[in-house]
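Trainee: I have a structure I would like to understand better, so I am pasting it below and will then ask my questions one at a time.
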Amino acid sequence: MNDTVIHVSDFRKTYGETVAVDGISFAVERGEIFGLLGPNGAGKTSTLECLEGLRRADGGALDILGVDPTRQARKLRNLIGVQLQTSGLPATMQVNEAIRFFCAYHNVAPRYDLIERLGLKDKQRSQYGQLSTGQQRRLALALAVAHKPPVVFLDEPTAGLDVESRAELHALVQELKTEGTSIILATHDMAEAEKMSDRVAILLRGKIVATGTPREITATGAGLTKVSVRTEHSVLHRNGAAIPGVNRHLIEEDYAVYFSADPGPTVTALLQYIGDHSDTLIDLRVERPSLEERFLEITSRR
Amino acid sequence: MTAFVQHFTFEFKTGMRNSTLLFMNYLFPLGVYAIMGLVMTQVNPFFTDALLPAMIIFVILGSTILGLPGPIVEAREAGVYRSFKINGVPAASIVAIPVLTTTFHALIAAGIVALTAVPVFGGVAPGRWWPIAGVAVLLAFTCSATGALIGVVATNTRATTLLSQLIFLPSMLIGGLMVPLSMLPETVQRFAGLLPTAHAMQALEGLAYGRSTTFAPTASLLILLTGGVLAFGLAIYLFNWDSRNQTRRGHPLMALLALAPYLVNLVL
């Protein structure tokens, strides 16, 4: 059985002379969270809006579960759920009304359970215009998933949310994934993308410049692990000890920081050096390269 | 059907929940009506003849031509219609339901005028009431459809105000509401034939009060009906989901086709 739910092939989108998306291709599998990353103007929104049927593609092929978003808009509606970055609802629409309204158009029973799940139970009778940004985004998410679509598009889903709401939203997204929902996640939050996504694609000036799992993408960079060491007498601050595997090092406040291609021998050598110089280790941190660092590396290089 | 009911209920409630719409649907037109009833009938005793039909037309004009276009533009600019499109709300519903609910609000206000103009302000009662009801329904629909068309083609709220006033001000001045059409110069009378209000006033004068009219009342009814249907169809055809995506099925100037019945009448 073919488990590909979204297939994008040589997709192009232009606005007059400006090429927003320049022949990108990718596929998203059933139950996969696919992160779409890129700086502003990279082509993320154009890609999402064409997949959502809000704009027409200028070239290539888009396919969501056998449906062409451009030509089969009506069929598409029950296949996708969309949390728009700026989710416009009428300011006077109450939370309960919004659930009833959109569920009615999707021909499903109102999902009041989602209101409770997303912490909006006390706001059922509040109008959309009276909700905080975070509450508006939670309502938008509830509306996006209320009809249990097989594909969900989330555009900056946690922007403006507090820590608790973010955690709740992440849990809900994981639950959807477990149920087999495919999710396209467009975000500027690299930590979120790294935590949530099974695979990511980094878009830059309309082209995909890197794709793979977050681990694969971070591994393809300079791949330097950051080792930060703090000691009682700061013995590492005072000399230029030769530590194996270290590419470069610097001092950050009380910490001596080493960037190493081979962290194992580096840490061993550092501990040995500290012991040999009668100093005492206070703190040792080993951080593998993050997706954010790799993202910045890619986007600044091009 | 459930979706239609949910949508209709929400839009109808919005007509009273939204303070701007409440003002345009009820407070402003009925406030002006009260002032006209109290003051104008004292200043100009002949105004009692026109009070009931003129004020019915005025309140309908207020909620439809002045009240309806702005919220359509604001909703488009706020991305409301993008959300609607993504969730499968058809363009026809987005246009038709506000037209229907605004028609209802306009008719409620018109009903208040019809019930109070004679006993409270001494307006002259019509010989026949059914043309009052019929013309009010027809005018409310036609003006709502025209208001929706203005909202659909206007690029921003300032343009909405301008286009609305292009209909509202001439309607007040030469539409036969304040001054009988027969008292206006012949050239002005011809131009008044471009206004829905002038035709509605003529139809009410002729059919409800049995007075002599400048336009044939039945022709006026036909013009109102065709003008309303054309405006409604064009509003759906030219509807644009998104202020950031200007792709639409026809050029906004196509909206002028809604004037066709009035122009044909002018030429004939």
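Trainee: Kindly report the accessible area of the range B:2-267 per residue (heavy atoms of protein chains, probe 1.4 Å, no ligands, DNA or RNA), in Å². Walk me through the intermediate numbers first.
Mentor: Numbers: 10880 Å² over 266 residues.
I get 41 Å² per residue for this part.
Trainee: For A:Asp279 and A:Thr213, what is the calculated FRET efficiency with R₀ set at 41 Å and r taken between the beta-carbons, to the nearest 0.05? If you can, show how the numbers build up before the last one.
Mentor: On the way: r = 39 Å, r/R0 = 0.96.
After rounding, the FRET efficiency stands at 0.55.
Trainee: Residues of the range A:60-77 that become at least 10 Å² less accessible with every protein chain present than in their own chain isolated, using 1.4 Å: which are they?
Mentor: Buried by the other chains: A:Arg77.
Trainee: Can you tell me the FRET efficiency between A:Tyr15 and B:Ser19 if r is taken as the Cβ-Cβ distance and R0 is 56 Å, rounded to the nearest 0.05?
Mentor: Working: r = 38 Å, r/R0 = 0.68.
So the FRET efficiency works out to roughly 0.90.
Trainee: If I take all pairs of Cα atoms in chain A, what percentage of them are more than 32 Å from each other?
Mentor: Numbers: 18202 of 45451 pairs.
The calculated P(r) of chain A puts 40 percent of pairs beyond 32 Å.
Trainee: Ordering A:Glu293, A:Glu49 by accessible area with a probe of 1.4 Å, largest first, what comes out? Let's see the in-between values first.
Mentor: Numbers: A:Glu293 90, A:Glu49 10 Å².
Greatest to least solvent exposure: A:Glu293, A:Glu49.
Trainee: Tell me, what HN-Hα J-couplings in whole Hz come from the Karplus equation 6.51 cos²θ - 1.76 cosθ + 1.60 at θ = phi - 60° for each residue of the range B:203-213, using x for Gly and Pro?
Mentor: 5, 5, 4, x, 8, 8, 9, x, 8, 6, 10
Trainee: Near A:Arg74, within a Cβ-to-Cβ distance under 15 Å, what is the net charge of the other residues, with Lys and Arg +1 and Asp and Glu -1? Kindly include the intermediate steps, with their values, before the conclusion.
Mentor: Details: positive: A:Arg71, A:Lys75, A:Arg77, B:Lys85; negative: A:Glu52, A:Asp68.
Counting the neighbours of A:Arg74, the net charge comes to +2.
Trainee: Could you work out what % of the accessible surface of the range B:2-267 is carbon and sulfur, using a 1.4 angstrom probe and leaving DNA, RNA and ligands out of the count? List each step's numbers first, then the result.
Mentor: Numbers: 7840 of 10880 Å².
For the range B:2-267, the apolar C and S fraction of the accessible surface comes to 72 percent.
Trainee: If the cut-off is 13 Å between C-alpha atoms, which aspartates and glutamates fall inside it for A:Lys123, apart from same-chain ones fewer than 8 positions away?
Mentor: A:Glu97
Trainee: A further question on this structure: Can you classify the range A:239-288 as rounded, prolate or oblate using the Cα gyration tensor, where a ≥ b ≥ c are the square roots of its eigenvalues, rounded means a/c under 1.5, and otherwise it's prolate if a/b beats b/c and oblate if not? Please list the in-between numbers first.
Mentor: On the way: a/c = 1.43, a/b = 1.20, b/c = 1.19.
It is rounded, given that a/c, with a ≥ b ≥ c, falls under 1.5.
Trainee: Please report the buried accessible area for the interface of A with B, total over both chains, probe 1.4 Å, in Å² to the nearest 100.
Mentor: Details: alone 15030 and 12390 Å², together 25070 Å².
Counting protein atoms only, the buried area is about 2400 Å².
Trainee: Which percent, nearest 5, of DSSP beta bridges in the protein assembly as shown are antiparallel?
Mentor: Numbers: 39 of 56 bridges.
If I count the DSSP bridges inside the protein assembly as shown, around 70 percent turn out antiparallel.
Trainee: With a 1.4 Å probe and all protein chains kept in place, how much accessible area does A:Arg288 have, in Å² rounded to the nearest 10?
Mentor: Number for this one is 110 Å².
Trainee: Sort B:Phe121, B:Phe23 by heavy-atom solvent-accessible area, probe 1.4 angstrom, most to least.
Mentor: B:Phe23, B:Phe121
Trainee: Can you tell me the mean projection area, over all orientations, of the convex hull of the range B:2-267's alpha carbons? Units nm², please. The partial results should precede the final answer.
Mentor: Numbers: hull surface 55.2 nm².
The Cα convex hull of the range B:2-267, projected and averaged over all directions, gives 13.8 nm².
Trainee: Using a basic spin-label model with each label point 7 Å from the Cα along Cα→Cβ, how many nm lie between B:Ala260 and A:Arg248?
Mentor: Each label point lies 7 Å from its Cα, and together they span 7.1 nm.
Trainee: How much accessible surface area, in Å² rounded to 10, belongs to the heavy atoms of A:Tyr15 with a 1.4 Å probe?
Mentor: For A:Tyr15, solvent-accessible area is about 80 Å².
Trainee: Fully extended, how many nm does the chain gain between A:Asp63 and A:Ser25 (0.36 nm per residue separation, minus their Cα-Cα distance)?
Mentor: Values: separation 38, 0.36 × 38 = 13.68 nm, distance 1.13 nm.
Going from the current span to full extension adds 12.5 nm.
Trainee: For A:Val200, which sequence-distant residues (separation of 5 or more, or a different chain) have an amide H within less than 5 Å of its own amide H, given hydrogens modelled in the peptide plane?
Mentor: Amide H neighbours of A:Val200, under 5 Å, 5+ apart: A:Gly35, A:Gly212, A:Thr213.
Trainee: Specify the angular offset, from 0 to 90 degrees and rounded to the nearest 10, of the alpha carbon long axis of helix B:91-121 from the longest principal axis of the alpha carbons in chain B.
Mentor: 20
Trainee: Anything losing 50 Å² or more of accessible area from the isolated chain to the full protein assembly: pick those residues out of the range B:1-29, probe 1.4 Å, ligands and DNA/RNA ignored.
Mentor: When all protein chains are present, B:Ala3, B:Gln6, B:Phe10, B:Arg17 each give up 50 Å² or more of accessible surface.
Trainee: Looking at this model, which pairs from A:Lys121/B:Lys85; A:Lys44/A:Lys195; A:Lys75/A:Lys207; A:Lys44/B:Lys85; A:Lys121/B:Lys13; A:Lys13/A:Lys195 are more than 24 angstrom apart at the alpha-carbon? Intermediate values should be presented prior to the final figure.
Mentor: Numbers: A:Lys121/B:Lys85 26 Å; A:Lys44/A:Lys195 19 Å; A:Lys75/A:Lys207 29 Å; A:Lys44/B:Lys85 20 Å; A:Lys121/B:Lys13 22 Å; A:Lys13/A:Lys195 30 Å.
Where the Cα-Cα span goes over 24 Å, the pairs concerned are A:Lys121/B:Lys85; A:Lys75/A:Lys207; A:Lys13/A:Lys195.
Trainee: With a Cα-only, solvent-free Debye model of the protein assembly as shown, what are the log10 I(q)/I(0) values at q = 0.06, 0.07, 0.09, 0.12 Å⁻¹?
Mentor: -0.45, -0.57, -0.79, -1.10
Trainee: Got a sec? Which residues in the range B:161-180 would a label at B:Glu77 touch, if it sits 7 Å along Cα→Cβ and we count backbone N under 19 Å?
Mentor: Only B:161-166 fall inside the zone, counting backbone N under 19 Å.
The values are calculated or read from the model by the stated rules, or taken from the named source; none is laboratory data. Keep in mind it's a predicted model, so treat the numbers as computed, not measured. Positions of Cβ are backbone-derived with ideal geometry, glycine not excepted, and every protein chain shown enters the neighbour counts. Accessible surface is based on the protein model in full, side chains and every heavy atom, while ligands, DNA and RNA are left aside. Shrake-Rupley method; radii C 1.70, N 1.55, O 1.52, S 1.80 Å.
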